[in-house]
1. Quick one: P(r) of segment 218-303 from all Cα-Cα pairs, 10 Å bins, percents rounded to integers, in order of increasing distance.
2. Using the Kirkwood radius over Cα pairs, work out the Stokes-Einstein diffusion coefficient for segment 156-292 at 37 °C and 0.692 mPa s, in µm²/s as a whole number.
3. Taking the dipole about the Cα centre of segment 6-104, with the C-beta of Lys and Arg at +1 and of Asp and Glu at -1, give me whichever of I56, G41, A8 is farthest to the positive side.
4. If one computes the Cα centroid of segment 279-358 and of segment 195-257, what distance in Å separates the two points?
5. When Rg is the radius of gyration of the Cα atoms in segment 117-159 and Rh is its Kirkwood radius, what does Rg/Rh come to?
6. Relative contact order of the chain: what whole-number percent is it, with Cα pairs under 8 angstrom and at least 6 residues apart?
7. Among I260, T232, L245, which residue has its Cα furthest toward the positive end of the charge dipole of segment 223-321, with +1 on Lys/Arg Cβ and -1 on Asp/Glu Cβ?
8. How would you order 144-157, 182-195 from highest to lowest mean count of nearby Cβ atoms within 10 Å?
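Read the figures in this text as sums done on the coordinates, not as results from a lab. Because the structure is a prediction, the values reported are computed rather than measured. Every residue, glycine among them, receives a Cβ derived from its backbone with ideal geometry; neighbour counts consider all protein chains shown.
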Amino acid sequence: MSLFTPSAAWVSDEHRMFADMTNRFFADELTPNIERWVNQGIVDRDFWRTAGQAGIMGGAIPEDFGGAGGDMGFESVVIYEQTRTGDCGWGYGIQSIVVHYITAYGTEEQKARWLPGLASGEIVGAIAMTEPGTGSDLQAVRTRAEKDGNQYKINGSKIFITNGQAADLIITVCKTDPEAGSKGVSLIVVEPGQCEGFKRGQNLKKLGMKANDTSELFYEDVKVPQTNLLGTEEGQGFYQLMKQLPWERLLIAIQALGAIDFALEQTIAYTQERTAFGQRVMDFQNTRFKLAECKTKAEVLRSFVNDGIARLIDGTLDAPTASMAKYWGSEVQNEVMHECLQLFGGYGYMMEYPIARLYADARVQMIYGGTNEIMKELIARSIDV
């Protein structure tokens, strides 16, 4: 199975070669480590550097800043090929999001300072939006950044931060003007190794995505240079977030497609080999019909995802369409995981079979990146105009 549809106009020979290379890299370097990373609750730091050396993380980073200078199709390939292996523990999706905030809004000095390390894996990135009690309401953040000489002094806390244990660079959503509503939000880059007062909570124990380190973060009089404001002007954070969220939401749909393809491959193989009542499980009409339904849903999602990637590349992917992709992709992912696990029977409930992990991993896809209820509200607003 492949990310690409036969008619996808955005796909070039370079994308196809990159997909083949990425697939081989993950087979050699990622797949053998999945279970160990799940057990230890975090991906080895060396893997980030190995991926950087292989050119996995720099596809859409400009050449001047250590990347290959390609389009967002290369990012999409990596996201798909990772989940196509059955893994969602490596936090590359967040790394990609961080990269494109800096690419889109960073000054030339900021790009030169951070992008090469993000491409090489020497820097692991995170973005700290969610706070206890705020959830998807980004305008309600309480983390405060006040000017203190030529620095910002940051106080507050964040929760559910992916890459929170490993991150060397954290784009932090702050209020620089608490009285200005959405116009008082700014994005400030915090480098934990270069400031005092920053603390990480424990690696949170989750239902799924157990290899993906997730943390609560605490800021107590954390001082960072004013040059760490992302961009050149305060109060642009909410606008920056809204402009970049379509990629985050399409990314979730791409992850869903990769996981679905892996689950179907595993389930088809199992039902072809497993026997019950004297015949293969695949020979029961119910099995064939359920797999036919799942395969159809996968292909519909594949077409929608490819259209979204094409629109992302040409700059026409809007928020309602990205919200549809996130909502639909994550719903279909959970439906497919449910049906596939059922076809495994009791073995599907055993963690030695990947489908059990895939089932647990899928659930959060309907929550993060904005809950699916929020996605429906955003879609509805585009209808009720």
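1. Once binned at 10 Å, the Cα pair distances of segment 218-303 give 13, 25, 19, 14, 13, 11, 5, 0.
2. So the translational diffusion coefficient is about 174 µm²/s.
3. Result: G41.
4. Answer, in whole Å: 28.
5. Across segment 117-159, the Cα-based Rg/Rh ratio is 1.10.
6. Relative contact order for the chain comes out at 17 percent.
7. Of the candidates, I260 comes out farthest on the positive side.
8. On the way: 144-157: 17.1, 182-195: 19.1.
Per-residue mean Cβ counts within 10 Å order the peptides as 182-195, 144-157.
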